[in-house]
Amino acid sequence: MIKFFRRIRFELMEKNKTGKPALPAGRYLKYAIGEILLVVIGILIALQINNWNENRKTKKTELNLLNEVQINLEATLNEFKSDTIYNRQTIDYLNKIIYYIDTDLPYDKELDSAFATIPLWASPFAYTSAYKSIQDKGFDIIKNKDLKMNIQTMYDVTLNRLLIDVDKVEWTMSESTVNPFFTKHIRIINDGSLNKARPNNFESLKKNDEFINILNQLIRERTKSILYYRQAMNSIENLIDEISNELNLKDK
């Protein structure tokens, strides 16, 4: 760019050399000032182009990260939907055992699947690779302040509550109460299905207050966890929509 302006200036000087007598010193001073101005203008244009390129790269990085966050959230949402279906099924199985106890029914093989699910639940899992990338690059890469805050809240608060607080309750119960009781009173049926178990003495378990309390406690905690799941899924769906709107605006 500077060379282009300089070439024009030299052509003008050559014309003055051949077509007119030598210019006075004052005129040469003007040419010198013009040279400086051309250099300054060239530098400013170069800086402007460089800033434009950097802004374009930053915008592209932001769009890529937002797109990755959206993909991660969609995958997490699918995981959570599967988790709630499975955990809802375990609650139904536990209620079936309680029904047999409350109505004093004899043991039936249909309870084999129900007893197998007593120590089992679906732990929440979230895809966080995109969020970690944002953390590495700095949160200022997201220009929309409200969107940036909502993404941080999603990963640092909403998902953490499921991944740490809610799941921790299940693990604590499992290690302290459920698994020890299960190992002592219930046996796995090795028929290749891996989803059947049977009590050593069902009639005895009907009168075991600790067993009934374990069942009710599991139902209560899993019902609560499903509520947290649903709240998280609603928040995820809202954030996915918000990111989609931002991507559409920035693509224009």
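The values are calculated or read from the model by the stated rules, or taken from the named source; none is laboratory data. Not measured: the values here are computed from a predicted model. With ideal geometry, Cβ positions are generated from the backbone for all residues, glycine too; neighbour counts draw on all protein chains shown.
A residue that is touching a residue at least 24 places away in the same chain (Cβ under 8 Å), in contact with a strand residue (DSSP E or B) (Cβ under 9 Å, 6 or more places away or on another chain) and among the aromatic types (Phe, Trp, Tyr) can be found somewhere in region 179-186. Of the residues making up region 112-131, at least one is within 13 Å of the chain's Cα centre (by Cα), touching a residue at least 40 places away in the same chain (Cβ under 8 Å), part of a helix (DSSP H, G or I) and surrounded by 19 or more Cβ atoms within 10 Å (Cβ to Cβ). So, in region 178-232, exactly how many residues are in a helix (DSSP H, G or I) and farther than 21 Å from Tyr86 by Cβ? Adding up the residues that qualify gives 15. Considering region 188-197, and only residues there that are farther than 21 Å from Ile219 by Cα and of a type outside the set (S, T, N, Q), the residue that is nearest to the chain's Cα centre (by Cα) turns out to be Leu194.
Quick one: would you say Gln89 is surrounded by fewer than 16 Cβ atoms within 10 Å (Cβ to Cβ), out of contact with any Lys or Arg (no Cβ under 8 Å at 6 or more places or on another chain) and under 30 Å from Leu63 (Cα atoms)? Here the answer is no, as Gln89 does not meet what is asked.
Consider Val169 carefully, then state whether it is in contact with an Asp or Glu (Cβ under 6 Å, 6 or more places away or on another chain) and on the phi < 0 side of the Ramachandran plot. Step through it out loud before you land on a result.
On the way: in contact with an Asp or Glu (Cβ under 6 Å, 6 or more places away or on another chain): yes; on the phi < 0 side of the Ramachandran plot: yes.
Spelling it out, Val169 is indeed in contact with an Asp or Glu (Cβ under 6 Å, 6 or more places away or on another chain) and on the phi < 0 side of the Ramachandran plot.
So how many residues does region 142-173 have that are in contact with a Lys or Arg (Cβ under 9 Å, 6 or more places away or on another chain), over 30 Å from Arg88 (Cα atoms) and in a helix (DSSP H, G or I)? Residues meeting the conditions: 0. Within region 63-90, the residues that satisfy the criterion of being closer than 15 Å to Thr128 by Cβ and of a type in the set (Asp, Glu) are Glu68, Glu74, Glu79. When every residue of region 145-159 is checked against the conditions, none turns out to be buried (at least 18 other Cβ atoms within 10 Å of the Cβ), in contact with a helix residue (DSSP H, G or I) (Cβ under 9 Å, 6 or more places away or on another chain), within 30 Å of Ile97 (Cβ to Cβ) and modelled with pLDDT under 95. A search for C-beta distances below 9 Å between a residue of region 83-108 that is at positive phi and any residue that is assigned to a helix (DSSP H, G or I), counting only pairs 6+ apart in sequence or on different chains, returns Asp104/Lys206.
Checked against (1) under 30 Å from Asp156 (Cβ atoms); (2) modelled with pLDDT under 70; (3) surrounded by 11 or more Cβ atoms within 10 Å (Cβ to Cβ), Asn55 passes all but a single condition, namely (3).
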